[in-house]
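Engineer: Quick one: structure below, then a few questions.
Each reported figure results from applying straightforward, stated rules to the coordinates on display, with no laboratory input. What you see is a predicted model, and the numbers here were worked out from it, not measured in a lab. No Cβ is skipped: glycine too gets one built from the backbone with ideal geometry, and neighbour counts run over all protein chains shown.
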Amino acid sequence: MVKMRKVLAVTMAAAMTMSMLAGCGDKKADSTEEQTVQCSDSETTEITEDVSSEANEADTDEADTDESSQVVDGDVLIDLNFDDNDTDGCATYFNGGQAELLNENGELCLDVTSTGKLDYANQIFYDGFALNQDCVYELSFDVHSTIERALQYRIQINGGDYHAYVMDEAMVGTDTQHVSTQFTMSEESDPAPRLCMNLGHFEGKGDDSTPHKIYFDNIKLTVVDASKAQQVESIPEPKIVNVNQLGYKKNAQKLATITNESAKTFDVVDVATGKSVKTGELGDWHYDSGADLRYTIVDFSDVNAEGTYKITVDTGEESYEFQVKDGIYDDIYKASVLMLYDQRCGTALDSAAAGDFAHEACHTGQAIVYGSDVAKDVTGGWHDAGDYGRYVVPGAKAVQDLLLTYEDSAEAAKDDTIGIPESGNGVPDILDEARYELDWMLKMQDENSGGVYHKVTGEVFPETVLAVDETAQMILSPISTAATGDFAAVMAKASVIYRDIDKDFADTCLAAAQKAWKYLEEHEEDPGFTNVGDIVTGSYSDGRMTDEYLWAAAELYIATGDESYNDYVKKAVKTSVKYGLGWADVGYYAIYDYCMNVKDCEAEKAILKEGADDLVKNYGKCGFGSATGGEYVWGSNMAVANDGMLMLMASNVFGDDSYVDYAADQLNYLLGRNPVSYCYVTGYGSQTPENPHHRPSEVLGKAMPGMLIGGANGNLQDPYAKAVLADMAPEKCYVDNAQSYSCNEVTIYWNSPLVYLLAAMK
């Protein structure tokens, strides 16, 4: 890690994401680039960024930094007086409370309808400032209320356990009082903390049950003593020479990206001998707008001898070491599948498979159907992401990826030794793992209507606890056509895959798919899903269902031969359909399986070819191998993996091996050949994410291995990213910090296309 010889700059741009908001929620990063990108429904978590305390400003006489960037005595980091009749960047978070944030007569006003049950049921918050370790601050504000009540004011870490750096309570009434407190930032510097006013229910501290208003003015955070303020450690400096950090198969295409235009020559060096096995001149420099870098590409595909290598350039920089050998992906492939096992819910995890992430059965109670007192057993399935919700829509994408992995990869199809409890039962482990999710999805179907409940979660995202420690009542959110369509498709697909393995299960899947289709026929005009009531967990909302209907019809036609489904497919492909391989845009799943199983598919082949060829065009715009076309949004690494899948699908349909090298480079990008020099899979590569936004990893203090991280996100959709990545090129907008949920989260449906790619490239 490179140390920055300066203290952190004063106030950053305000970050207006909600405390526990479903990070993309209804907005969705996939709305930016629907063909290739879908984001996770996420929320904030704990900061774990390393901070240097080697030097402080008082001891540094060198001119290391601009004077304007230093925190000095008297700096005002927050200064809100609301005289402009605005709320000045303040926002609200609700967890059971009800209120409206206003500007009333030049004061910030929270008009409270209900205080709920928690002290933070109503919360005003403000982001966009930084705290430096060992710096002394003063927080002050004026406050009054139409009733006598309590409030809690705090500056807290904006994620994880949300613990406070400073916190106190005050009783307020109709008379304006000035509140002031001094504190020393005793923890590591935080570039993205949050100021909160908790205005929920405080038992025994005034009568806050009646509607009322509370007013704030002159909110200030001032530096009192910066003499001991600690310097801040930067994000890692990326390599000049970037490669796949795991390595390359002996006969594979091997490319490296170099970004120092002063370099003239390169060498591929055998680490064991220290001798160059290939040398050459650098040239043909190009510009990558996504990374804002000039680059050249080195092709060393003729280095085929097994060994460990690095690439050096004449300016002194070198790549991370990498291997050349066959079987290079065997271990990481198993780890990527075991990640899904580690996300299993409702069952005890075996320590032999899960290691430190083993736990007793979690979430074993019945769920309540929203708006009723009906209880339903929906135990099982995979935890979706960094939290413990279970969602049909992304689960269906993940299962489809595994089923396609089984179909399209001979090696994966035979592997019964990955190490899950079912290993050795004669069924490929990839199918055993997929079935665990399928069994849960079957429980999510309503027995009467055939519709499928959208998700099962608590009302809010859980705190940073292990799965067994989330004890909130699970709630089944209402049936949605999105969940039902995805369910129908993947169940029909499963009926084909499992027919020779377990006929009874295959029959169950097909019957469930047909029942779901009948529901879809009766509800074509239903709107897309949105969260209901006080539920604020990830919505996975989708307002246009043409692709889900197409996918379901295609898979049901393949499974049954019923021409009514085929008629639907032929009509649907002539309409506007969202083609993608994400959770929201599933059209390519329909097209691919249709092309692989139906003779009369010229129109469908044309759709697939257009999509794959567009990716090839995008490939030429990036110096690091990705085919995203310069778009790096929430979950960009899923987009990269999905692009690799689509190219391999095109290769399978058209018999064109030229797509394979493009697909391989999507994997190379994920494993280290990228502008930030990270292998984006936890536990692998020379530089690997160590602080994912993932509750079990945060609680245990170590990253679960085999997880594909979300990756670069130029939209900076969390306060931490806004603070440390401002003004950086989109492809460089990544930080390894659990607090950065929009860059560093994980999901099952980001891992599943990684599984497919790894299996194909093994």
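Engineer: Let me spell out the model: positive unit charges on the Cβ of Lys and Arg, negative unit charges on the Cβ of Asp and Glu, origin at the Cα centre of the stretch 247-324. What dipole size does that give, in debye rounded to 20?
Structural biologist: 280 debye
Engineer: Okay, next question. Would you work out if the stretch 633-733 is rounded, prolate or oblate? Take a ≥ b ≥ c from the square roots of the eigenvalues of the alpha-carbon gyration tensor; rounded if a/c is under 1.5, else prolate when a/b is larger than b/c, oblate otherwise.
Structural biologist: Values: a/c = 2.38, a/b = 1.63, b/c = 1.46.
Verdict is prolate for the stretch 633-733.
Engineer: Still on this model: Pull out the extension gain between ASP613 and SER209, defined as 0.36 nm times the separation in residues minus the alpha carbon to alpha carbon distance; nm, one decimal.
Structural biologist: 139.3 nm
Engineer: Less than 13 Å Cβ to Cβ from ASP656, Lys/Arg counted +1 and Asp/Glu -1: what total charge do the surrounding residues give?
Structural biologist: Every neighbour counted, the sum reads -1.
Engineer: Dipole of the stretch 330-761 (Lys/Arg Cβ +1, Asp/Glu Cβ -1, origin at the Cα centre): which of SER477, TYR540, GLY625 lies farthest to the positive side?
Structural biologist: GLY625
Engineer: Starting from the Cα gyration tensor of the stretch 247-324, take the square roots of the eigenvalues, sort them a ≥ b ≥ c, and report rounded, prolate or oblate (rounded when a/c is under 1.5, otherwise prolate if a/b is larger than b/c, else oblate).
Structural biologist: Prolate, since a/c reaches 1.5 and a/b exceeds b/c.
Engineer: Relative to the present Cα-Cα distance, how much length would full extension add between ILE368 and GLU463 at 0.36 nm per residue of separation?
Structural biologist: Length difference between fully extended and current span is 32.1 nm.
Engineer: A further question follows. Roughly what would the spin-label model give for SER564 and LEU102, points 7 Å off Cα along C-beta, in nm?
Structural biologist: A separation of 5.6 nm, rounded to one decimal place.
Engineer: Let me ask you something else. Out of all Cα-Cα pairs in the stretch 502-588, roughly what percent, to the nearest whole number, are more than 14 Å apart?
Structural biologist: 70 percent
Engineer: Additional query: Could you list which residues have their amide H under 5 Å from that of LEU282, counting only those 5 or more apart in sequence or on another chain, with H placed in the peptide plane?
Structural biologist: Amide H to amide H, under 5 Å and 5 or more residues apart or across chains, LEU282 pairs with THR265, PHE266.
Engineer: Also: Please turn the phi angles of the stretch 425-434 into ³J(HN,Hα) values with the Karplus equation 6.51 cos²θ - 1.76 cosθ + 1.60 (θ = phi - 60°), one per residue in order, whole Hz, x for glycine and proline.
Structural biologist: Listing the rounded values in order: 8, x, 10, x, 4, 4, 7, 4, 5, 4 Hz.
Engineer: Let me ask another. Direction-averaged shadow area of the convex hull around the Cα atoms of the stretch 395-494, nm²? List each step's numbers first, then the result.
Structural biologist: On the way: hull surface 32.1 nm².
Spelled out: convex hull of the Cα atoms, projected over all directions, averaged, 8.0 nm².
Engineer: Follow-up question, since we're still on this one. Tell me, what ³J(HN,Hα) does each residue in the stretch 198-209 have, in order and in whole Hz, if you take phi through Karplus 6.51 cos²θ - 1.76 cosθ + 1.60 with θ = phi - 60° and put x for Gly and Pro?
Structural biologist: So the Karplus estimates, Gly and Pro as x, are 8, 10, x, 9, 10, 4, x, 10, x, 9, 9, 7 Hz.
Engineer: Taking +1 at the Cβ of each Lys and Arg and -1 at the Cβ of each Asp and Glu, which of SER423, VAL143, VAL724 sits farthest along the dipole of the chain towards its positive end, judged by Cα position relative to the Cα centre?
Structural biologist: Working it through, the farthest residue towards the positive pole turns out to be SER423.
Engineer: Related question: Along its three principal axes, how long is the stretch 51-225 when you only count alpha carbons? Whole Å, largest extent first please.
Structural biologist: Reported extents, whole Å, longest axis first: 59, 34, 22.
Engineer: Now, a different point. Find the relative contact order for the stretch 330-761 and round it to a whole percent, using C-alpha pairs within less than 8 Å whose residues are 6+ positions apart. Write down the numbers at each step before the final one.
Structural biologist: On the way: 910 pairs, mean separation 71.1, N = 432.
This gives 16 percent for the stretch 330-761.
Engineer: A further question follows. Along the Cα→Cβ direction, 7 angstrom out, place labels at THR315 and TYR287. What is the inter-label distance in nm?
Structural biologist: 1.7 nm
Engineer: When we measure straight from the Cα of LYS117, which lysines land under 21 angstrom away, once same-chain ones fewer than 8 places off are left out?
Structural biologist: LYS205, LYS213
Engineer: Report relative contact order for the stretch 368-468 in percent, whole number only (criteria: Cα-Cα under 8 Å, sequence separation at least 6).
Structural biologist: Relative contact order for the stretch 368-468 comes out at 33 percent.
Engineer: Further, regarding this structure: Going by amide H atoms built from the backbone, whose H comes under 5 Å of the H on VAL746, apart from near neighbours?
Structural biologist: GLY386, HIS693
Engineer: Could you grab the relative contact order for the chain? Cα pairs under 8 Å, six or more apart, rounded to a whole percent.
Structural biologist: Here the relative contact order equals 16 percent.
Engineer: Sort out for me the Cα centre separation of the stretch 546-564 from the stretch 720-738, rounded to whole Å.
Structural biologist: Taking the Cα centre of each part, the stretch 546-564 and the stretch 720-738 sit 42 Å apart.
Engineer: Residue by residue through the stretch 707-719, what is 3J(HN,Hα) from phi via Karplus (6.51 cos²θ - 1.76 cosθ + 1.60, θ = phi - 60°)? Round to whole Hz and write x for glycine and proline.
Structural biologist: Values, residue by residue: 9, 7, 7, x, x, 4, 9, x, 7, 6, 9, 9, x Hz.
Engineer: Specify, per residue and in Å³, the volume enclosed by the convex hull of the alpha carbon atoms belonging to the stretch 584-681. Display every interim value, and only then the final one.
Structural biologist: Details: hull volume 9.3 nm³, N = 98.
About 95 Å³ per residue, rounded to a whole number.
Engineer: What is the spin-label model distance, in nm, from THR308 to ALA170 if the labels are put 7 Å beyond Cα along the C-beta direction?
Structural biologist: It is 6.0 nm.
Engineer: Calculate, for THR530 and ASN81, the FRET efficiency according to 1/(1 + (r/R0)^6) with r their C-beta to C-beta distance and R0 51 Å; round to the nearest 0.05.
Structural biologist: 0.90
Engineer: Also, I was wondering about something else. Determine the gain in length on full extension of the stretch ASP161-VAL179; use 0.36 nm per residue of separation and subtract their C-alpha separation, reporting nm with one decimal. Before the final figure, lay out the partial values.
Structural biologist: Working: separation 18, 0.36 × 18 = 6.48 nm, distance 2.57 nm.
Here the answer is 3.9 nm.
Engineer: Amide H neighbours of TYR248 under 5 Å, at least 5 residues apart or on other chains, H built in the peptide plane: list them.
Structural biologist: Counting only residues 5 or more places away or on other chains, the set is GLN323, VAL324, LYS325.
Engineer: Something else: Quick one: check the C-alpha center-to-center distance for the stretch 140-192 versus the stretch 213-268, whole angstrom.
Structural biologist: 33 Å
Engineer: Tell me, MET474, MET707, MET761 in order of fewest to most beta-carbon neighbours within 10 Å? All intermediate terms of the calculation are to be shown ahead of the outcome.
Structural biologist: Working: MET474 24, MET707 29, MET761 21.
Lowest count first: MET761, MET474, MET707.
Engineer: Related question: Relative to the Cα centre, what is the charge dipole magnitude of the stretch 330-761, using +1 at the beta carbon of each Lys and Arg, -1 at the beta carbon of each Asp and Glu, and rounding to the nearest 20 debye?
Structural biologist: Working: 29 positive and 67 negative charges, 129 e Å.
Value, rounded to 20: 620 debye.
Engineer: What does the charge dipole of the chain about its Cα centre add up to, to the nearest 20 debye, if the Cβ of each Lys and Arg holds +1 and the Cβ of each Asp and Glu holds -1?
Structural biologist: Dipole magnitude for the chain comes out near 1920 debye.
Engineer: Hey, which of these cross-link pairs are over 23 Å Cα-Cα: LYS397/LYS493; LYS278/LYS325; LYS334/LYS609; LYS503/LYS571? Before the final figure, lay out each step's value.
Structural biologist: On the way: LYS397/LYS493 12 Å; LYS278/LYS325 17 Å; LYS334/LYS609 31 Å; LYS503/LYS571 32 Å.
Too far apart for the 23 Å limit: LYS334/LYS609; LYS503/LYS571.
Engineer: What whole number of Å gives the distance from the Cα centroid of the stretch 657-691 to the Cα centroid of the stretch 573-652?
Structural biologist: 19 Å
Engineer: Using only Cα positions of the stretch 330-761, each an equal point scatterer, no hydration layer, compute I(q)/I(0) via Debye at q = 0.08, 0.10, 0.11, 0.12 Å⁻¹ and quote the log10 values to two decimals.
Structural biologist: -0.40, -0.65, -0.80, -0.97
Engineer: In addition: On alpha carbon coordinates alone, what is the Rg over Rh value for the stretch 160-236, Rh being the Kirkwood radius?
Structural biologist: So for the stretch 160-236, dividing Rg by the Kirkwood Rh gives 1.03.
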